[in-house]
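Notes to accompany the following structure.
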Amino acid sequence: MSKRRVAILISGRGSNMTALVEAAKASDYPADIVLVISNVAGAPGLAFASKAGIETLTIESKSFGKDREAFEHKLNDTLVAQKIELVCLAGFMRLLTPWFVQQWQGRMLNIHPALLPSYKGLHTHERALADGVKIHGATVHFVVPEMDSGPIVMQGDVPVMPGDTPETLAKRVLGVEHRIYPEALRLVASGQFKSPAA
Ligand code: GRF
């Protein structure tokens, strides 16, 4: 079985990237993580990836200023040159233009720390606590031009406990993220789940 060539885009800690890299070590996993790109120089996740023997690259979005398209052309050229088949966003904190999203529509996943379509955007745990919801979680979805939308591949839920803070809740949700992202990528890379919009 040939494995899909996957690139992961990060901006920081990279714990979801790490979970994907660990999962992909299994011989029957249908994806190979061949490239990790950060748009932030010195993102902590880069060190883990290169220690794991994965090619890492920094394409600093900051140096492109407001020229989103120039940044994205460089990103896209790099992914194409590396024959990347699937892209996983994992804590990638840069909005992507419709042009870039269209290049990868049906082939790009994101993980969001909430049960979409609730709590799109930032500060999901704070908002969930403020609303008093009792169930919270994380979602892996295909990326479409509209932020935190797109066909859902997998979700995992956690209870919200009395006394939770954004930090304790984030930690519980992160545990679920690390479980569902590798499972979702397995489904997509093996062709068992295809984007309905693709
Ligand atoms: C995760 O909570 C992810 O859902 C969100 O950003 C965070 C990234 O964490 N998109 P990490 O860099 O994967 O540790």
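When Gly163, Gly191, Gly150 are checked against the criterion of being under 15 Å from the mean Cα position of the chain (by Cα) and either part of a loop (DSSP other than H, G, I, E, B) or free of Cβ contacts under 8 Å to residues at least 24 places away in the same chain (or both), a single residue qualifies: Gly150.
Taking the range 24-90 as the region of interest, the strands (runs of 3 or more DSSP E) fully inside it that hold 1 or more residues being modelled with pLDDT of 95 or more, under 26 Å from His141 (Cβ atoms) and touching a Lys or Arg at 6+ places or on another chain (Cβ under 9 Å) are 31-38, 86-89. Name every residue in the range 126-147 that is in a loop (DSSP other than H, G, I, E, B) and either more than 23 Å from Glu183 (Cα to Cα) or among the hydroxyl-bearing types (Ser, Thr, Tyr) (or both), in order of residue number. Selection gives Gly132, Val133, Lys134, Pro145, Glu146. Only residues that are in a helix (DSSP H, G or I) and either out of contact with any Asp or Glu (no Cβ under 6 Å at 6 or more places or on another chain) or more than 15 Å from the ligand (Cβ to nearest atom) (or both) were counted in the range 1-23, giving 8.
The residues of the range 111-125 that are free of Cβ contacts under 8 Å to residues at least 60 places away in the same chain and part of a loop (DSSP other than H, G, I, E, B), listed by number, are Ala114, Leu115, Leu116, Pro117, Ser118, Tyr119, Lys120, Gly121, Leu122, His123. Any chance you could count how many residues in the range 176-198 are more than 16 Å from Asp28 (Cβ to Cβ) and exposed (fewer than 14 other Cβ atoms within 10 Å of the Cβ)? Of the residues in the range 176-198, 4 are more than 16 Å from Asp28 (Cβ to Cβ) and exposed (fewer than 14 other Cβ atoms within 10 Å of the Cβ). Number of residues in the range 24-46 that are within 13 Å of the ligand (Cβ to nearest atom) and surrounded by fewer than 18 Cβ atoms within 10 Å (Cβ to Cβ): the value is 1. Could you tell me which residue of the range 60-74 is surrounded by the most Cβ atoms within 10 Å (Cβ to Cβ), considering only residues that are farther than 23 Å from Arg4 by Cα and without any contact (Cβ under 8 Å) to a residue 24 or more places away in the chain? Selected residue: Phe64.
Selection of the range 92-118 for residues being more than 11 Å from the ligand (Cβ to nearest atom) and of a type in the set (Phe, Trp, Tyr) yields Trp99, Phe100, Trp104. Select from the range 75-108 the residues that are out of contact with any strand residue (DSSP E or B) (no Cβ under 6 Å at 6 or more places or on another chain) and among the β-branched types (Val, Ile, Thr) and write down the one among them that is surrounded by the fewest Cβ atoms within 10 Å (Cβ to Cβ). Only one residue tops the list, namely Val80.
The values are calculated or read from the model by the stated rules, or taken from the named source; none is laboratory data. No experiment lies behind these values; they were computed from the predicted model shown. Note: ideal-geometry Cβ built from the backbone for every residue, glycine included; neighbour counts use all protein chains shown.
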